[in-house]
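**Student:** Quick one: structure below, then a few questions.
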Amino acid sequence: MIQRLLLWADDRFGTGTFVHHALKKAFPDHWSFMLGEINMYAFIILLATGTFLALWFVPGHATVVYEGPYALLRGDKMSEAYDSVLHICFMVNAGLLIRQIHHWAADIFVAGIVVHMGRIFFTGAFRNPRELNWIIGVLLLFAAMFEGFTGYSMPDDLLSGMGLRIAVSILQSVPFIGTWATFFLIGGVWPTEILIERLFITHVFIMPALITLGITVHLMILWRQKHTQFPGPRRTEENVVGAPLFPLYTFKSLALQFGVIAMCVALGAFVQINPVWLWGPYQTWKAISPAQPDWYIGWLEGALRIGPRWAIHFPGHMIPSPFWPGFLLPLVIMIGLFAYPWVEKFITKDYRQHHLLNRPREVPVRTGAGVAFFVFMLGLFLAGSDDVQAAYTHLPLNDLVWFYRFFCLLGPFAAFWITYAIASDLKKKGGTHRAERVRLKRKPEGGYEEEPVA
C-alpha cells in the first residue's frame, strides 16, 4: 500500500526525482555550518512550549484578587494576565517547567541567530549571490528580539510593566508621529486595558507566522543556492565537498536537535529564570531596582542609560532625549547591517559570485570592523546593568555612566586597530590555513607528527 501511494505521488508530482537528488545533496562538514540549525530547533521548541502556555494564559486586564497558593501575594489585586501566569507556575502540572523551557529557548534562539550571523559576516558568506539571505537574517534577528520582548511583557508583572513603559516612552519620542503611533498601537493613553490582548495576538499569532515565513524563505534560498565552504583540497567555486544529506548529515542534525532539546530542558529544570512572583503585579507608581530586561534587549537599555541628554525644542514640537539612543540608534544599526554587503562591494569593487569563504585574517578590514562593532555593542550591553555594578562595587553610578560613554566612543577604534594589526600579521605569515598544508600522522611508537599535504 505504501509503495502504491509513493508511486501515485511520484506520477503526479515527480517526487521521486526530487527526493533522489535531495538525499545526495552535499553539506559541508565544518561544525560552524550547524549553528543555523540550533536556531531552527530552538524555534520548534518555542512553538511547542508556547502552544502549551497559550492554552492556560489569560490575556486580560481586568482586576482580580489572587487566591492561589503563593502566600506572599494572596489577597493582592492584580490583572487576569498576571494571575494566570502565577496559576501556570504553581497550579498547572509541569507549568513552571514548560514556562522556563520556553524562556530559555527564546534566549538560545536569539543567541543562536547572533552567533550564526557572526559566522556569516566574518567569513564573507553574505557576498554575491547571498545578499538577500543576509537581509532576511537581519530581519529575523530584529523580529526575534521583538518577539521576545512581547513575550516577557505579557505577564504584567512589575518588571515587564516597567519595560513596557520605557518602550512606550521611546515610541512617543519619535518626532511628529510618536504620540499618534503610540495611541494607535496601545489603544489609548498609558496604561490601557487592551494592551495585553494586543501583545498576546502579536506574540502568539503575528510574529511566529512572520518568523516561520522568514525561516522558510531563508531555507528555500539556501537550498536553491550552492552551499558555501572553506577553501581546502578539491574545493572550488564550482563544487561542494561534504557529506550527503542522508544518512550522515541527517543523523548529525538529529543528534544536534536532541542536544538542543536536552539543553533547554536541563536549563528549564535546574536554572531559574524570570521568577515573576518575586516582582509582584505592575502598578504605575511602583518601580524595582536593580532591574534589567532579557540579555538581547540589554544593549538598548544601556544606550538609554548613557545616551546624550539632548532635547531639541522648536515651535509646536520637541525631540526628547530618549529618541536618540532608543529609536535613532537601533534604526541606524539596522540600516547599516542591511547595507553592509553593498558597501563592501562598492569599496572593494568585487562584483563576482563567491562560494568559497574567507578566513577572518584574510580580510583584516572587515574583521576589524566586525570586532569594533562587537565591542561597541558590548559596551552598551554592560552599561545596561550599571546599577547592578554600582550596587556590588560601591562605585558612584554617575562615574560608571561616564566610563561607558568613553568606552563606547573609544573602545571600537582601539578594537579595530588591534584586530587589524593581528589579522594583517597573520595574513603575512601564512596565506593558507595550516590545516590545509599539513596533516597529523600517528607515529608507530605513539604520538603524532605533521606531514605535508601535496
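The values are calculated or read from the model by the stated rules, or taken from the named source; none is laboratory data. This structure is a prediction, so every number in the text was calculated from the model and none was measured. Reconstructed Cβ throughout: ideal geometry from the backbone, glycine too, with neighbour counts over all protein chains shown.
**Student:** Go through segment 1-43 residue by residue and tally those that are β-branched (Val, Ile, Thr) and touching a residue at least 12 places away in the same chain (Cβ under 8 Å).
**Tutor:** Number satisfying all stated conditions: 1.
**Student:** On the given criteria, is Ile108 touching a residue at least 12 places away in the same chain (Cβ under 8 Å), surrounded by fewer than 23 Cβ atoms within 10 Å (Cβ to Cβ), under 19 Å from Thr49 (Cα atoms) and touching a Cys at 6+ places or on another chain (Cβ under 7 Å)?
**Tutor:** yes
**Student:** Ok, one more. Could you check segment 240-252 and list, in sequence order, the residues that are over 17 Å from Arg130 (Cβ atoms) and touching a residue at least 40 places away in the same chain (Cβ under 8 Å)?
**Tutor:** Val241, Gly242, Ala243, Pro244, Leu245, Phe246, Tyr249, Lys252, listed by residue number.
**Student:** Looking only at segment 258-276, decide whether some residue is farther than 30 Å from Met34 by Cβ and surrounded by 17 or more Cβ atoms within 10 Å (Cβ to Cβ).
**Tutor:** Scanning segment 258-276, I find at least one residue that is farther than 30 Å from Met34 by Cβ and surrounded by 17 or more Cβ atoms within 10 Å (Cβ to Cβ), so the answer is yes.
**Student:** How many of the residues in segment 1-38 are at pLDDT below 80 and either on the phi < 0 side of the Ramachandran plot or in the same structural domain as Arg119 (by TED's automatic domain parsing) (or both)?
**Tutor:** Of the residues in segment 1-38, 19 are at pLDDT below 80 and either on the phi < 0 side of the Ramachandran plot or in the same structural domain as Arg119 (by TED's automatic domain parsing) (or both).
**Student:** Continuing with this model, one more query. Among the listed residues Tyr351, Tyr392, which satisfies the condition of being at pLDDT below 95, out of contact with any Leu (no Cβ under 8 Å at 6 or more places or on another chain) and farther than 29 Å from Lys226 by Cβ?
**Tutor:** Tyr392
**Student:** So if I check each of Ala181, Ala144, which one is of a type in the set (Gly, Ala, Ser) and under 24 Å from Gln100 (Cβ atoms)?
**Tutor:** Ala144
**Student:** Right, next: Can you confirm whether Ile101 is surrounded by 18 or more Cβ atoms within 10 Å (Cβ to Cβ), modelled with pLDDT of 95 or more and within 29 Å of Trp190 (Cα to Cα)?
**Tutor:** Against the criterion (surrounded by 18 or more Cβ atoms within 10 Å (Cβ to Cβ), modelled with pLDDT of 95 or more and within 29 Å of Trp190 (Cα to Cα)), Ile101 does not qualify.
**Student:** Could you check Lys77 against (1) in contact with a helix residue (DSSP H, G or I) (Cβ under 6 Å, 6 or more places away or on another chain); (2) closer than 30 Å to Ile186 by Cβ and say which number it fails?
**Tutor:** (1)
**Student:** Additional query: Among the residues of segment 31-66, count how many are of a type outside the set (A, V, I, L, M) and within 15 Å of the chain's Cα centre (by Cα).
**Tutor:** Of the residues in segment 31-66, 5 are of a type outside the set (A, V, I, L, M) and within 15 Å of the chain's Cα centre (by Cα).
**Student:** Within 23 Å of Phe33 (Cβ to Cβ), in the same structural domain as Ile44 (by TED's automatic domain parsing) and hydroxyl-bearing (Ser, Thr, Tyr): is that true of Thr123 in this structure?
**Tutor:** So Thr123 passes the test.
**Student:** Condition test on Thr179, is it assigned by TED's automatic domain parsing to the domain that holds Asn274, among the polar types (S, T, N, Q) and without any contact (Cβ under 8 Å) to a residue 12 or more places away in the chain?
**Tutor:** yes
**Student:** Restricting to segment 277-311, and then to whatever is in contact with a Ser or Thr (Cβ under 6 Å, 6 or more places away or on another chain) and free of Cβ contacts under 8 Å to residues at least 40 places away in the same chain, can you tell me which residue is surrounded by the fewest Cβ atoms within 10 Å (Cβ to Cβ)?
**Tutor:** The selected residue is Arg309.
**Student:** Tell me the helices (runs of 4 or more DSSP H) entirely within segment 240-309 that contain at least 1 residues that are in contact with a helix residue (DSSP H, G or I) (Cβ under 8 Å, 6 or more places away or on another chain), among the β-branched types (Val, Ile, Thr) and over 30 Å from Thr63 (Cβ atoms).
**Tutor:** Helices (runs of 4 or more DSSP H) meeting the threshold: 250-270, 298-306.
**Student:** Do we have any residue at all in segment 390-400 that's surrounded by fewer than 16 Cβ atoms within 10 Å (Cβ to Cβ) and either in contact with a strand residue (DSSP E or B) (Cβ under 6 Å, 6 or more places away or on another chain) or of a type in the set (S, T, N, Q) (or both)?
**Tutor:** yes
**Student:** Tally up the residues in segment 339-372 that are farther than 22 Å from Phe413 by Cβ and among the aliphatic types (A, V, I, L, M), please.
**Tutor:** 2
**Student:** Across segment 67-91, which residue is nearest to the chain's Cα centre (by Cα) among those that are hydrophobic (A, V, I, L, M, F, W, C) and surrounded by fewer than 17 Cβ atoms within 10 Å (Cβ to Cβ)?
**Tutor:** Within segment 67-91, the match that is nearest to the chain's Cα centre (by Cα) is Phe90.
**Student:** For Pro325, all conditions in the list (1) out of contact with any Phe, Trp or Tyr (no Cβ under 8 Å at 6 or more places or on another chain); (2) more than 30 Å from Asp76 (Cβ to Cβ); (3) in a loop (DSSP other than H, G, I, E, B) hold save one; what is the number of the exception?
**Tutor:** (3)
**Student:** Moving on. How many residues does segment 2-60 contain that are part of a helix (DSSP H, G or I), under 30 Å from Gly118 (Cβ atoms) and not charged (D, E, K, R)?
**Tutor:** 20
**Student:** Further question on the same structure: Among the numbered criteria (1) buried (at least 17 other Cβ atoms within 10 Å of the Cβ); (2) modelled with pLDDT under 95; (3) assigned to a helix (DSSP H, G or I), which one does Tyr340 miss?
**Tutor:** (2)
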